[in-house]
Amino acid sequence: MKTRTLLWFVAPSVALMLVFIALPLASVFWQSFFVTRTLFQEVTVESCQPGFLTQTCTTELRSQPILRDGKPVTERVFVGWENYRLVMRPDALVAAFSPGGGGWADVRQIDFWRALRFTLTFTLVTLPLVIGLGLVIALALNTAIASLRGPIIFVSLLPFIITPVVGALSIRWLFIGDGILTAALRWLTGENVIMFAQGWTIEVLLLTYRVWHVAPFAFIVFYAALQTVNQDTLESAVVDGASRFERLRYVILPHLAPFMVFVALIHLMDAYRVFDEIVGFSAQAHHISLQWLTYSLLMPDGSGSRAIGRASASSMLTMIGIVALLIPLLVRTWRDHHQKG
Amino acid sequence: MADVSLRGVTKRWSSFVAVDDVTLSIADREFVVFLGPSGCGKTTTMRMIAGLEDPTAGEIRIGPRVVNDLEPKDRDVAMVFQNYGLYPNLSVYENIRFPLKVRKVDKASHDRRVRRAADLVELGPLLDRRPRELSGGQRQRVALARAIVREPEIFLMDEPLSNLDAKLRVSTRAHLKNLHHELKVTTIYVTHDQVEAMTLADRIVVMNKGRIQQVGTPTDIYDDPSNTFVAGFIGSPAMNLMQGEIAGGVFTGAAVRIAGLTTRATGPVTLGFRCEDAAVAAPDGAEIAAPIYSVELLGDATMVTVRAGGALATVRTTKTFRAEIGDPVGFAVRPETCFLFDRQTGERIR
């Protein structure tokens, strides 16, 4: 295809990506350097109390929002990297590791670092589990008899079909608080059973839930890829004397490698933006993610104002984190592609 | 080194019979070619010898051992596949070494054996490359080296030249012939290309619809076909086969009359002769006389085709022959070069 024709073909999607992705991204980046403040004015208020002979009046200076048409007047101020500083709190980080500081315990008090710790753990622990479980199911299904494959595929895909929030809620109703299983256990044992009440148990639950939810995606990709394994190569290995494990190692896994990179890319992008599980399991008391941090900053506070600047900074930091995680995989893909080309 | 024998080997997939009661003995160091059209069961037979398919019935022996229940790796065979079956992520060297590695052969001997196998197929300078960096012919040579390196008792080759272009096929064919001469290993080779079969084989096994049609040397198969399938499959062009009646040693059919046939058969038969065994002659008095259907100039010869005995009959003549389509022409056919076949069963009438 001529380059010019190709450009015409991709032009609409490029235009849409510019309008709906690049522009909002640039806008968020721009907004992360501003703070929106409500303007206050000093007013002298005289309040008088009725007395026996004369009334007693006091005057005081009060600060109150400037109103225009009944709404507070705001201003946007350029603050440079201040929002990033407020989110990341480098001063508190340095203090935590200075002599007399509380170390990690102090760092965990800072929302951003707490969210980053959880998000990274969530992403990096679920990644190998999702790929491993997906692979095991795909390999098992590939050796199952043909008539069983349809039903197994359907059942395996169910967790992926269910909306994350609904899935999380159903698990919550099973285990947490007065959940069905918890209540049943209480009734059976007569003990006061409380499941998933500690931070680490909730964390394990969140991780397990994500693996359960996403493994079907990995499985279906790997299962499709397994259908394209070169049968001649596989049979060569059989005749050459390779064991089942050696065939997996030398024929199947190398064939699946690009598909694993694909699943890893998708999963990294998705898991780093973990949000649904926090909401579904109401886990925010124990764990928050970067995406949840951005969301909570965007929620109006008591006075109705929202920290758009800090939320923008937080979402930019989330994006930078995703890109940093993706770089090794993208480099690998590019190198493979380059070698083949 | 080993001989191979198949006794009543059958492969069925529900009602479909892929290989039907095949009995065959292959001598030690023999080069046997399974030849037949697509779906004739030749590859399935080879795969059963390799252990990649289980026979539904029958017995397969390699040397003194019945191998029906042995895993492919325990049969001491090496196989070369049509699509090479190389490991794309391993270098040429590692591809060739693979069977030694997975069979836990003494590591000290690996390098010597890999290099010897690579030298035999002239791959020496390419050992560090990946399969994707090689041409089709080079890839097939890697597959050959991988088969050679283990020094198996039997080589199995499943249409190894089919993916190569015509020129490369000729040179690789010669290479294979030479390798067999050097290594003297029993070889079973599957192909649908009769030229490969004729040039490579000590013996050819012609198969059709899961059954063996004829087993013999290339000369036997060409000069003494046992039925119309073999006669019509071997040779380029294949044997001319025409329908007619025979009585008193005289065959008559549409536009054909051949007298002097030494047979006592009577009734409807199929008569066959090879294109090079007849000559173009004047229509008057010729055994076959008909208008020309087509004239094909091959460079070194001319193929003249007429319609006779309910089929097309072709004769090879000199390169200088010139005639137009529709011109009357005669074919002089000597009765001693003719073959007679039963019209119903297709079997040779001797």
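The values are calculated or read from the model by the stated rules, or taken from the named source; none is laboratory data. What you are looking at is a predicted structure, and each value in this text was computed from that prediction instead of being measured. Neighbour counts are summed over all protein chains in view; Cβ atoms, including those assigned to glycine, are modelled from backbone coordinates with ideal geometry.
Points worth noting:
- Evaluated against (1) charged (D, E, K, R); (2) crowded, with 19+ Cβ neighbours inside 10 Å; (3) within 14 Å of another protein chain (Cβ to nearest Cβ), A:Arg210 falls short on exactly one condition, (3).
- Subset of region A:28-47 [farther than 18 Å from A:Val87 by Cβ, at pLDDT 85 or above and surrounded by 11 or more Cβ atoms within 10 Å (Cβ to Cβ)]: A:Val43
- Residues of region B:278-297 classified as charged (D, E, K, R) and crowded, with 18+ Cβ neighbours inside 10 Å, total: 1
- Restricting B:Val67, B:Val4 to those that are under 16 Å from B:Leu156 (Cα atoms), hydrophobic (A, V, I, L, M, F, W, C) and either within 12 Å of chain A (Cβ to nearest Cβ) or over 23 Å from the mean Cα position of the chain (by Cα) (or both) reduces the list to B:Val67.
- Test: B:Arg139 is of a type in the set (D, E, K, R), within 14 Å of chain A (Cβ to nearest Cβ), under 25 Å from B:Ala166 (Cβ atoms) and in contact with a Leu (Cβ under 7 Å, 6 or more places away or on another chain): yes
- Candidate set: region B:298-311, residues that are in a strand (DSSP E or B) and in contact (Cβ under 8 Å) with a residue 60 or more places away in the chain; chosen: the one surrounded by the fewest Cβ atoms within 10 Å (Cβ to Cβ): B:Ala311
- Test: A:Ala264 is more than 14 Å from chain B (Cβ to nearest Cβ) and either of a type in the set (A, V, I, L, M) or more than 24 Å from the chain's Cα centre (by Cα) (or both): yes
- Residue match in region B:18-28 (condition: crowded, with 16+ Cβ neighbours inside 10 Å and either within 13 Å of chain A (Cβ to nearest Cβ) or in contact with a His (Cβ under 7 Å, 6 or more places away or on another chain) (or both)): no
For every residue, the table says whether it meets (1) of a type in the set (Asp, Glu); (2) surrounded by 14 or more Cβ atoms within 10 Å (Cβ to Cβ); (3) touching a helix residue (DSSP H, G or I) at 6+ places or on another chain (Cβ under 9 Å).
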{"site": "A:Phe154", "(1), (2), (3)": "no, no, no"}
{"site": "A:Thr163", "(1), (2), (3)": "no, no, yes"}
{"site": "A:Trp173", "(1), (2), (3)": "no, yes, yes"}
{"site": "A:Glu203", "(1), (2), (3)": "yes, yes, yes"}
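- Taking region A:68-127 and the helices (runs of 4 or more DSSP H) fully enclosed by it, the elements with 2 or more residues that are within 30 Å of A:Tyr209 (Cα to Cα), more than 18 Å from the chain's Cα centre (by Cα) and not acidic (Asp, Glu) are at A:104-107.
- Among the residues of region B:83-115, those identified as touching a helix residue (DSSP H, G or I) at 6+ places or on another chain (Cβ under 7 Å) and polar (S, T, N, Q) are B:Asn83, B:Asn89, B:Asn95.
- Matching entry among A:Ala115, A:Ala92, A:Ala140 (being surrounded by 14 or more Cβ atoms within 10 Å (Cβ to Cβ), at pLDDT 90 or above and not acidic (Asp, Glu)): A:Ala115
- There is at least one residue in region B:45-62 that is more than 13 Å from chain A (Cβ to nearest Cβ), under 18 Å from the mean Cα position of the chain (by Cα) and crowded, with 22+ Cβ neighbours inside 10 Å.
- Members of region B:102-113 that are assigned to a helix (DSSP H, G or I) and at the interface with chain A (Cβ under 9 Å from one of its Cβ atoms): B:Val102
- Enumeration of residues in region B:52-87 that are farther than 24 Å from B:Ala145 by Cβ and hydrophobic (A, V, I, L, M, F, W, C): B:Ala57, B:Ile60, B:Val66, B:Val67, B:Leu70
- With respect to the conditions (1) crowded, with 23+ Cβ neighbours inside 10 Å; (2) under 23 Å from the mean Cα position of the chain (by Cα); (3) within 14 Å of another protein chain (Cβ to nearest Cβ); (4) not β-branched (Val, Ile, Thr), B:Pro99 lacks only one, and its number is (2).
- For region B:1-98, the strands (runs of 3 or more DSSP E) that sit wholly inside it and include 3 or more residues that are closer than 24 Å to B:Leu176 by Cα are B:16-26, B:31-35, B:77-80.
- Each residue in region B:245-259 was checked for being at positive phi and touching a strand residue (DSSP E or B) at 6+ places or on another chain (Cβ under 6 Å), and 1 pass.
- From the list A:Ala183, A:Ala215, the lone residue that is buried (at least 19 other Cβ atoms within 10 Å of the Cβ) and in a helix (DSSP H, G or I) is A:Ala215.
- When each of B:Leu134, B:Leu176, B:Leu183, B:Leu144 is tested for being within 23 Å of the chain's Cα centre (by Cα) and within 19 Å of A:Asn230 (Cα to Cα), the lone residue that passes is B:Leu144.
- Checked against the criterion of being over 30 Å from B:Phe233 (Cβ atoms), away from chain A (no Cβ under 14 Å) and either among the small types (Gly, Ala, Ser) or not in a helix (DSSP H, G or I) (or both), the candidates B:Ala197, B:Ala118, B:Ala145, B:Ala174 yield just one match: B:Ala118.
- Scan region A:218-256 for residues that are more than 7 Å from every other protein chain (Cβ to nearest Cβ) and part of a helix (DSSP H, G or I) and the total you get is 21.
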